[in-house]
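None of the figures in this text is laboratory data; all of them are computed from the coordinates on show. For clarity, every value in this text was computed on a predicted model and none was experimentally measured. So basically every Cβ, Gly included, is an ideal-geometry build from the backbone, and we count neighbours across all protein chains shown.
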Amino acid sequence: MPALDFPQFLKRYALQLLAVSITDVAPGEVVDKGRRGFLPQGHLQEILVGQSMGFWETELNGANLVYGSVERTISLEGTASLSEMGVEIGGGLKSARSVTFAITGVHARSFMNGPGHASMFSLVPLVNALKKGDREKWKLVNGKWIVTETYYATEATVSFETSGGANLKAQVDEAGGVHVGGNGAIEWTSKKSFTIIENDGVPFGFRGWKV
């Protein structure tokens, strides 16, 4: 099965891309469009006060969204760091020209099902009520997006194209190594590639609605 191009994957599942992969965005987050994608502004929990803690509880879906793989290639010209797809590398990439993520696992986090938990049906009227009930809070959400589901590249192979015979692993390790969110772990498979598993802490994209 041929790999699916990343923009096609986003379009197929109606996903919006987050601008950075160093912030743990979760369902209920308010995000706004930036130059490279959406940026977090704060959580609805700070605006819709009075809800129980359980109202905002989330769960990770156990179903993998992809069959085969999804490929995303990013140019690294002019940068020595990387913060994408839940992977953060603070340095050591000066010899890298590009990086390709071959994603084989994508999982989603959503609000927990059942009475007493947040959902589109409960959040939309609460948010819209701010327009008449609290104009200052309404300004914080008006024109922005409310996240209802977040998506994670839980399994992937990350490969770098480099100039010459650079030992990228050694350069990255010297600069501080590779970091992934949540329970994620990495394993270098060559001097220029590594795999990531259980990368479920920092999402790359989301679904939601625009207020």
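Screening VAL127 with (1) buried (at least 16 other Cβ atoms within 10 Å of the Cβ); (2) under 19 Å from HIS107 (Cα atoms) gives one miss only, at (2).
GLU59: of a type outside the set (Phe, Trp, Tyr), surrounded by 13 or more Cβ atoms within 10 Å (Cβ to Cβ), more than 30 Å from ALA175 (Cα to Cα) and without any contact (Cβ under 8 Å) to a residue 60 or more places away in the chain, yes or no? Lay out the reasoning, then the answer.
Working: of a type outside the set (Phe, Trp, Tyr): yes; surrounded by 13 or more Cβ atoms within 10 Å (Cβ to Cβ): yes; more than 30 Å from ALA175 (Cα to Cα): yes; without any contact (Cβ under 8 Å) to a residue 60 or more places away in the chain: yes.
For GLU59, the condition - of a type outside the set (Phe, Trp, Tyr), surrounded by 13 or more Cβ atoms within 10 Å (Cβ to Cβ), more than 30 Å from ALA175 (Cα to Cα) and without any contact (Cβ under 8 Å) to a residue 60 or more places away in the chain - is met.
Looking at GLY78, GLY91, GLY116 in this structure, which one is exposed (fewer than 13 other Cβ atoms within 10 Å of the Cβ), in a loop (DSSP other than H, G, I, E, B) and touching a helix residue (DSSP H, G or I) at 6+ places or on another chain (Cβ under 8 Å)?
Values: GLY78 fails: touching a helix residue (DSSP H, G or I) at 6+ places or on another chain (Cβ under 8 Å); GLY91 fails: exposed (fewer than 13 other Cβ atoms within 10 Å of the Cβ).
After ruling out the rest, the residue left standing is GLY116.
Taking the stretch 4-34 as the range and being in contact with an Asp or Glu (Cβ under 6 Å, 6 or more places away or on another chain) and small (Gly, Ala, Ser) as the test, only SER21 passes.
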